[in-house]
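Visitor: Dropping a structure here in structure tokens format, bear with me for questions.
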Amino acid sequence: MEDYIFKRVTEESYPDLLALHQAAYGKRETPGYYKHKMNTGYLGPSHLAYIAYSKKDGAPVAFYGVYPYQVQYKGQVYLVAQSGDTMTHPAHSGKGLFTELAKVTYALAKENGIQFVFGFPNHKSFPVLTKKLGWGYKENMNSYAIKVFTLPLAAVAKKSYILRVMYASYLKVMISFFKSSTKL
């Protein structure tokens, strides 16, 4: 890991996350995507994530983050976190960045009162999470799809950056009608 520097994500990191997302997934994300996801200060901790930067050129090359949630179980409220948005630049894949970033992120989460981390890993991250990071696994989840005939706005929005920005604004307005003031 001597070729990399790990830095905790801050608001100033968002452009780096967007650039890394473009490199890792081949598509641009909306400018407010990470600002919205990282805005968890209402629960206490926020920005529970790290970015790895190349020492050679300072470019962002990998990211691991967790997002806090309150969960109620048997009358108790727990602060937990969901792992998400993990990514590695293709030129830096296979160098152990995922594992090392996960470890420092979990330590940060624990320092901030997170009781446990959960997630829904893909086929690439599942072996690392279970074999190297000690994640438990019980069984697969069933997935069900119910066809609803409507205008395919989300599918169309995925086709272009401008349409994703417009669709994100549309969703923000629609969701505002359904916000609840109820807290756990």
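The values are calculated or read from the model by the stated rules, or taken from the named source; none is laboratory data. Keep in mind that what you see is a predicted model, and the values were worked out from it rather than measured. Because the Cβ atoms are built from the backbone with ideal geometry, glycine has one as well, and the counts that use them run over all protein chains shown. In case anyone asks, the SASA skips ligands and DNA or RNA and just uses the protein heavy atoms, side chains included. Shrake-Rupley method; radii C 1.70, N 1.55, O 1.52, S 1.80 Å.
Visitor: Looking at E2, is it within 30 Å of I162 (Cβ to Cβ) and either open to solvent by 40 Å² or more (accessible area, probe 1.4 Å) or modelled with pLDDT under 95 (or both)?
Guide: Working: within 30 Å of I162 (Cβ to Cβ): no; either open to solvent by 40 Å² or more (accessible area, probe 1.4 Å) or modelled with pLDDT under 95 (or both): yes.
Spelling it out, it is not the case that E2 is within 30 Å of I162 (Cβ to Cβ) and either open to solvent by 40 Å² or more (accessible area, probe 1.4 Å) or modelled with pLDDT under 95 (or both).
Visitor: When region 55-111 is examined, which residues are found to be among the aromatic types (F, W, Y) and under 15 Å from the mean Cα position of the chain (by Cα)?
Guide: Our first condition is that a residue be among the aromatic types (F, W, Y); within region 55-111, this holds for 63-64, 67, 69, 73, 78, 98, 106.
Hits for region 55-111 are F63, Y64, Y67, Y69, F98, Y106.
Visitor: Also, I was wondering about something else. Quick one: is S54 without any contact (Cβ under 8 Å) to a residue 60 or more places away in the chain and within 25 Å of F116 (Cβ to Cβ)?
Guide: no
Visitor: I've got another one for you. Just checking: which of the helices (runs of 4 or more DSSP H) contained wholly in region 5-117 hold 2 or more residues that are open to solvent by less than 30 Å² (accessible area, probe 1.4 Å) and of a type in the set (G, A, S)?
Guide: Because the criterion is at least 2 residues that are open to solvent by less than 30 Å² (accessible area, probe 1.4 Å) and of a type in the set (G, A, S), the helices (runs of 4 or more DSSP H) in region 5-117 that meet it are 97-111.
Visitor: Kindly indicate whether any position in region 131-144 is in a helix (DSSP H, G or I), open to solvent by less than 100 Å² (accessible area, probe 1.4 Å) and touching a residue at least 12 places away in the same chain (Cβ under 8 Å). First the steps, then the outcome.
Guide: Step one: filter region 131-144 for residues in a helix (DSSP H, G or I), giving 131.
Those still in the list that are open to solvent by less than 100 Å² (accessible area, probe 1.4 Å) too: none.
Scanning region 131-144, I find no residue that is in a helix (DSSP H, G or I), open to solvent by less than 100 Å² (accessible area, probe 1.4 Å) and touching a residue at least 12 places away in the same chain (Cβ under 8 Å), so the answer is no.
Visitor: I need a count of the residues in region 145-172 that are open to solvent by 80 Å² or more (accessible area, probe 1.4 Å), β-branched (V, I, T) and part of a helix (DSSP H, G or I).
Guide: Residues that pass the stated criteria total 1.
Visitor: From the list A91, A81, A52, which residue is under 15 Å from A109 (Cβ atoms) and of a type in the set (A, V, I, L, M, F, W, C)?
Guide: Numbers: A91 fails: under 15 Å from A109 (Cβ atoms); A52 fails: under 15 Å from A109 (Cβ atoms).
Only one candidate qualifies: A81.
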